[in-house]
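The values are calculated or read from the model by the stated rules, or taken from the named source; none is laboratory data. Treat the numbers as computed from the prediction; the structure is a model and nothing was measured. With ideal geometry, Cβ positions are generated from the backbone for all residues, glycine too; neighbour counts draw on all protein chains shown.
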Amino acid sequence: MSHTEPSLPPLPALGEIPERMLAAVIRRERYGPPIEAFRLESVATPRPGPGQVLVAIVAAGINFNGVWASLGNPVDTIALHRQRGEELDYHIAGSDGSGVVWAVGDGVRHVSPGDEVILSGAQWDESAEDIRLGIDPLASRSHRVWGYERNHGSFAQFSVVDEYQCHPKPPSLGWEEAGCFLVTAATAYRQLCGWSPHTVRPGDPVLVWGGAGGLGSMAIQVVARRGGEPVVVVSGADRADHCRRLGAVGVIDRREFHHWGRVPPEQDGAAYAAWRDGVRAFNHAIWDVLGRRVNPSLVLEHPGRDTLPTSLYVCDNGGMVVTCGATTGYDADIDLRYLWMRQKRLQGSHFASTQECRAVIRMVSTGAMTPCLSRTVDFRQIGEAHQLMHDNRHPPGQMAVRINPPPVGGRTRGSGGRA
Ligand SMILES: NC(=O)c1ccc[n+]([C@@H]2O[C@H](COP(=O)([O-])OP(=O)(O)OC[C@H]3O[C@@H](n4cnc5c(N)ncnc54)[C@H](OP(=O)(O)O)[C@@H]3O)[C@@H](O)[C@H]2O)c1
């Protein structure tokens, strides 16, 4: 980051909205590696509209939405905002955060200035017709990811959110812990517990890709707390140790296998045979970990192209592969024979409901789960932290960025009840 960046202005009095604020800004001309894309700039402070809340962000979580936003791919977020009538020519990313409610718009009833909150990363239109007809808001046509498909995410001194995105910050959590885990924990929780009847039950083996990553670290713990057996995949010994500490029954190092990516056509005999041998060897590695010849009833997917064919192959008959991402590519192969002949389910899953967010906040606040905060960086290092994630060189767990100093005199309202 350059030395000419503006410095962090002090927060005004509670309830006052300053004209300008410091934000980590992405512009179209900088789309590319995160280290280049993020710059600290002084920009206009957003104002809360009806039903909205202005939050002074104390800490924000680093997750993949910031990487995708930096790259401008697969979504050109700034073009998207402009198509929707927004005039700003920049994007403020950040889909995880903790902070203090600073001001509220008309009609806000459940939070007030001074409340300490954790923010969840999904927005929808509560008056949308499909929601009024009873659809899960996450499946609503109006659903958008805050800090990605919607502007004014958490990488700024102030952010505007909808009221329902505010969850009471448990007093037991520090600001960085509170701000770093909700995107991954709630997403993993929904993947593992939200798609009945394919939910984790005691004794269920569950395959977790990227066990030392954000999703993986949370998923291992959810599986273990529900009595399942997390079989985890990583690259590297330090990552394997991290997963064992969280409750993995065994860890497989994916660097010992070479069949990843698109599946060669069967007509290409030698290449297909090599793929089949690779996936069978990987399946054996799962049996070795479990100490019995049984396949995972659930597979927590997110790498995409590199792993989806393997996920579908090793998933048990009648089991489910549940995916929320495609870090290595969207064009993944599906051999439909394995899907229908063995009656498997391939399920898409996207973030989490308010109720699921509350469930994981409660698990973290009571110590049933750790947020796995690995590192807190200064606001000026936000590009570097995202670059580590982009390059898969980030430490096991989740990183946070510190933004405003914690205001004194904030109010915590307990850990919140069930949603
Ligand atoms: N839809 C949603 O609501 C939602 C929510 C959260 C995340 N996501 C998506 O899920 C993905 C992962 O997010 P995250 O926060 O867990 O990221 P992360 O912290 O970077 O963890 C991802 C893990 O994937 C593993 N990985 C990397 N390349 C791989 C490959 N070629 N094959 C197998 N594993 C590989 C890495 O572990 P090893 O190198 O140790 O194997 C890494 O630790 C991202 O694409 C993100 O956008 C979606």
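Key figures for this structure:
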| read-out | value |
| --- | --- |
| Failed item, numbered, when Arg380 is tested on (1) of a type outside the set (Ser, Thr, Tyr); (2) part of a loop (DSSP other than H, G, I, E, B); (3) away from the ligand (no atom under 16 Å from the Cβ); (4) outside the structural domain of Thr323 (by TED's automatic domain parsing) | (2) |
| Any helices (runs of 4 or more DSSP H) falling wholly within the range 54-160 and containing at least 2 residues that are more than 16 Å from the ligand (Cβ to nearest atom) and at pLDDT 95 or above | 129-132 |
| Subset of the range 128-173 (residues that are in contact with a His (Cβ under 7 Å, 6 or more places away or on another chain) and farther than 16 Å from Gly49 by Cβ) | Pro137, Leu138 |
| From the options Pro168, Pro197, residue that is free of Cβ contacts under 8 Å to residues at least 12 places away in the same chain and either more than 10 Å from the ligand (Cβ to nearest atom) or not assigned by TED's automatic domain parsing to the domain that holds Ala56 (or both) | Pro197 |
| The range 190-214: number of residues that are in contact with a strand residue (DSSP E or B) (Cβ under 7 Å, 6 or more places away or on another chain) and part of a helix (DSSP H, G or I) | 3 |
| Residue match in the range 93-113 (condition: closer than 22 Å to Phe379 by Cβ, surrounded by fewer than 24 Cβ atoms within 10 Å (Cβ to Cβ), in the same structural domain as Pro168 (by TED's automatic domain parsing) and in contact with a helix residue (DSSP H, G or I) (Cβ under 9 Å, 6 or more places away or on another chain)) | no |
| Out of Pro50, Pro18, Pro46, Pro12, sole residue that is assigned to a loop (DSSP other than H, G, I, E, B) and free of Cβ contacts under 8 Å to residues at least 12 places away in the same chain | Pro12 |
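Every residue, every condition in (1) surrounded by fewer than 20 Cβ atoms within 10 Å (Cβ to Cβ); (2) under 22 Å from Leu346 (Cα atoms), yes or no:
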position	(1), (2)
His242	no, no
Ala248	no, no
Glu256	yes, no
Arg262	yes, yes
Pro265	yes, yes
Trp275	no, yes
Ala281	yes, no
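To keep it simple, each residue is scored yes or no on (1) at pLDDT below 95; (2) of a type in the set (Asp, Glu); (3) touching a helix residue (DSSP H, G or I) at 6+ places or on another chain (Cβ under 6 Å).
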| position | (1), (2), (3) |
| --- | --- |
| Arg190 | no, no, yes |
| Trp195 | no, no, no |
| Thr199 | no, no, yes |
| Val233 | no, no, yes |
| Asp241 | no, yes, no |
